[in-house]
Amino acid sequence: MAQAFPASADDEYRLERHGVWKRFRQHRLALAGAAVLLFMIVVAVSASWISPADPNAIDQVNWNGNPLAPGVAGHLLGTDENGRDLLARLIFGARISLTVAIFAVLMEVVIGTVLGALSGYYGGGVDFAIMRLTDVVLSIPLLPLLLVLTAIVAASSNKASLNFGVIVLLIGGLSWPPVARLVRASFLSLREREFAEAARALGNADGRIIFRHLLPNAVAPIIVQATLSVAGVILTESVLSFLGFGIQPPQASWGNMLSNAQSNITIAPWVAIFPGLCILVTVLSINYLGDGLRDALDPNQR
């Protein structure tokens with residue numbers, strides 16, 4: 001019986017794409033993680049429409065310092081120590097935490113991909129210089145540096161914390177080395193492949209070879225690394241806010257909600273439980289999604 005082959009390159013691409021999806025959907029935890037993450041993103045985007053209350057509105061009944069319990073006075077998840085609706089603050093906190101993570105990871109991926117591609121493609125002195133810069137950045141502890149910069153900002157502008165843009169720039173600008181090393185390793189192999197030699201023989205410029213021919217073949221590990229980095233950035237932003245150096249009240253983020261819950265955790269434990277669960281579920285979902293993408297895009301599984 002004759003064996004059927006793809007009729008064209010487009011057919012082969014469709015078959016490969018179908019294989020990636022088939023492998024991904026076999027990873028049940030990855031599917032669940034993708035569903036939860038999509039739900040979180042939808043909630044963050046539509047926070048203004050689905051929030052049950054103003055996240056900064058104070059329930060006058062709660063001025064006695066005894067937070068309302070979940071389900072009391074129309075507050076489904078209760079209120080925080082100031083009488084603000086906890087569900088509303090969780091919804092708006094998702095917007096802040098996920099936005100910081102997405103923009104910081106985009107910056108991380110762009111910087112790491114460009115530097116890693118240049119390093120792996122050219123080699124020699126370019127590779128040496130970029131990798132030494134990568135080693136220097138890797139040697140810088142992120143959290144202590146952020147705390148030092150916060151002290152500098154506080155001394156110069158009478159502010160006790162970093163604003164949203166500075167947090168994104170610092171986290172994204174110091175988190176790119178793993179991506180750069182990953183892309184460099186891929187390019188060291190890809191640049192010697194036959195299709196790369198053919199592209200050079202046809203007179204293609206280096207930029208076209210790097211971004212048109214080599215980079216698409218290295219995109220799978222980049223996607224996986226970016227997915228896993230989102231979880232790390234969420235945790236970093238939460239730690240900063242928890243320590244009081246990140247997003248500041250009254251603007252809600254999951255980290256500063258945990259920080260504010262410390263003083264009332266014995267009389268109102270739900271104030272700490274719900275934001276902690278949001279961080280836990282989101283990070284786990286992203287990690288499972290990254291595992292599933294890694295298995296689905298692994299060329300050894302094809």
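If r is the Cβ-Cβ distance from L133 to L235 and R0 is 25 Å, what FRET efficiency results, to the nearest 0.05? Walk me through the intermediate numbers first.
Working: r = 25 Å, r/R0 = 1.01.
That pair, L133 with L235, gives E of 0.50.
At a 1.4 Å probe, what is the % contribution of carbon and sulfur to the accessible area of the chain?
With neighbouring chains kept in place, the figure for the chain is 66 percent.
Using the C-alpha atoms of the chain, what convex hull volume per residue, in cubic angstrom, is computed?
For the chain, the hull spanned by Cα atoms encloses 180 Å³ per residue.
Taking the chain as the reference, fit the longest principal axis to its C-alpha atoms, fit the long axis of helix 164-174 to the helix C-alpha atoms, and give the angle between the two in degrees, 0 to 90, nearest 10.
Approximately 40 degrees, to the nearest ten.
What number, rounded to the nearest 500 deg cm²/dmol, is the helix-based mean residue ellipticity at 222 nm of the chain, given -39500 (n - 2.57) per DSSP H run of at least four residues and division by all its residues?
-22000 deg cm²/dmol
In degrees between 0 and 90, to the nearest 10, how far off the longest principal axis of the chain does helix 9-25 point, with axes built from Cα atoms?
Roughly 40 degrees, rounded to the nearest 10.
Return the FRET efficiency for the residue pair L38, Q251: r is the Cβ-Cβ distance, R0 is 25 Å, and the value is rounded to the nearest 0.05.
On the way: r = 24 Å, r/R0 = 0.98.
So the FRET efficiency works out to roughly 0.55.
Gain in length, W21 to A73, computed as 0.36 nm per residue apart minus the alpha-carbon separation, to one decimal in nm?
So the chain would gain 14.1 nm between W21 and A73.
With N set to the residue count of the range 207-272, report its C-alpha Rg divided by 2.2 N^0.38 Å to two decimal places. The partial results should precede the final answer.
Numbers: Rg = 19.3 Å, N = 66, 2.2 N^0.38 = 10.8 Å.
It is 1.79.
Can you give the relative contact order of the chain as a percent, counting alpha carbon pairs under 8 Å and 6+ residues apart?
On the way: 417 pairs, mean separation 76.7, N = 302.
Relative contact order of the chain: 25 percent.
Would you mind checking the tilt of helix 86-122 against the longest principal axis of the Cα atoms of the chain, expressed as 0 to 90 degrees and rounded to 10?
Once rounded, the angle reads 20 degrees.
How about the range 188-218: which GluC sites (Glu not before Pro) there are in a DSSP loop, with at most 13 other Cβ atoms within 10 Å of their Cβ?
The qualifying sites are E192.
Normalised by the number of residues in the range 93-234, what is the relative contact order in percent for Cα pairs under 8 Å and 6+ residues apart?
40 percent
Pop the C-beta distance of R28 and S48 into the FRET formula with R0 = 25 Å and round what comes out to the nearest 0.05.
That gives a FRET efficiency of 0.15.
Measuring from centroid to centroid over Cα atoms, what is the spacing of the range 197-219 and the range 229-302 in Å?
39 Å
With the convex hull built on the Cα atoms of the range 78-217, state its orientation-averaged projected area in nm².
11.9 nm²
The values are calculated or read from the model by the stated rules, or taken from the named source; none is laboratory data. Predicted model only: the values in this text are computed from it and were never measured. With ideal geometry, Cβ positions are generated from the backbone for all residues, glycine too; neighbour counts draw on all protein chains shown. Areas reflect the complete protein model, heavy atoms only, side chains present, ligands, DNA and RNA absent. Shrake-Rupley method; radii C 1.70, N 1.55, O 1.52, S 1.80 Å.
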